[in-house]
Every structure is written in structure tokens, then in C-alpha cells.
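Engineer: Encoded as C-alpha cells, here's the structure I'll be asking about.
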Amino acid sequence: MSTYDSLHRQCRTLESLFDSKLTAYSRLATTITRNQDDVEASGSGERWRDLEVEVDELLVKLGEINEQLQVVSNDPDSPPSQSMQRAIQRHRDVYQDYSRELRRTKTNVQHALDKANLLTGVRNDIDAYKSSAADSLLAERGHIDNSHRMTDDMLAQAYETRAEFGRQRGTISGINARMQGVLSTMPGINGIIGMIKSRRRRDSIILGVIIGLCTILLLTYIF
């Protein structure tokens, strides 16, 4: 029965190892549900896949050992004792329980991952909407600031133009004042200008009288 003893020890070792891995695999579902974080970013998805592969491989090995124990129990040349048969049956029951528990845990883990991914997607959509709204507000704020700057530039140009007109008006007033000052310091120029104007008026009157006399003489000669 050395074959039975070896298979029995291997089966107990695999059962213990499978139980610890299945506990960790089930705990992962609880952690994902509690945290509800980004599964891919946090690495939960990778841990889930690694643990799932490990428990699957352990269950396959456990099934193979149980099949070998079943062969031992059906050996007619060396039939097992009652205690051996009970141990083989117990291993078979444990294997079936582990198979059901693994299927149930896989379903729970998948539901937890789907829920976490759904919440992450919704949160990302909300963040994207908030980011888009913020970008729109910033763009609108930029347009308003540009309008304000253009208005300020136009007002500055208007003020500068008005100031330039004021400086030109002051310059012209200064020139007029200097001219008036020059004329006031030279009274003879005013007299000369007055004489010139008087002579022009006198010449205009004489010319008008001559033209009138010539016109009268011409009319008299004609008629």
C-alpha cells in the first residue's frame, strides 16, 4: 500500500494548498467590492487572473490524484481496508466540494470585477464630462479676457489721440501768442499794413469811378 500512502499524502498536501489559495481568491472579491477602485490601474485584475490560474491548476492536480486513488480502491489484487476506503471517499467528497466552491467563488469574483469596472467607467465618464465643462469655461474665460484686452487697447489709443490733439492745440496756441507778441513789439508794421489796406480801397474806388464814367460815355455815344 505504498502507492496509497503516497497518493494520500499528496492529496492532503494539495487540499491544504488549494484551501489557502481559494481563501485568498475569495478575499480578493471582497477587497475589490470594498475599494471600488480602478481594477486595472490598481493591479487587482492581474492578481485575480494569477490566483485563478493557480487554483485551477491545483484543482486539476487534485482531480488526477483522486482518480489514481479510485484506481487503487478498485484493485482486486490488493483491496483497500475499510479505513482506506473511507479516506478515499472523503478525498473525493472534498474534491467535489472544492469544485463547487471554486465555481461559486469565480462567479462572485467576476461579479465584483464587473461592478468595479462599471463604477470606474461611470467615474471616468463623469471626470471626462467635468474636464470638458472646465475646458469650455476656460475657453470662454479666455475669449472674455481677449475682449477686455482689445477694449483696453482701444481706450488707450483713444486717450493717446486725445492727448496728441491737446498737445497740437497747445503748440498752435503758442505760435499764435508768439506772433501776437511780435506784432505788438513792432507797432510800425500795423501802420504800414493799415496804409496798404487804405491805398487798396482808394485804388478800388478810383477804378470803379473810371469804369462807371467809361460806361456812361460809351452808352451816350451809342445812343
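The values are calculated or read from the model by the stated rules, or taken from the named source; none is laboratory data. Computed from a predicted model, the values in this text were never measured in an experiment. The protein model used for the area step is the full one, side chains on, heavy atoms only, and it has no ligands, DNA or RNA in it. Shrake-Rupley method; radii C 1.70, N 1.55, O 1.52, S 1.80 Å.
Engineer: What span do the alpha-carbon atoms of the stretch 54-103 cover on each of the three principal axes, reported in whole Å from largest to smallest?
Structural biologist: Between the extreme Cα coordinates on each principal axis of the stretch 54-103 lie 36, 16, 11 Å.
Engineer: Ordering 83, 73 from largest to smallest accessible area (1.4 angstrom probe), what's the sequence?
Structural biologist: Per-residue accessible area, sorted high to low, gives 83, 73.
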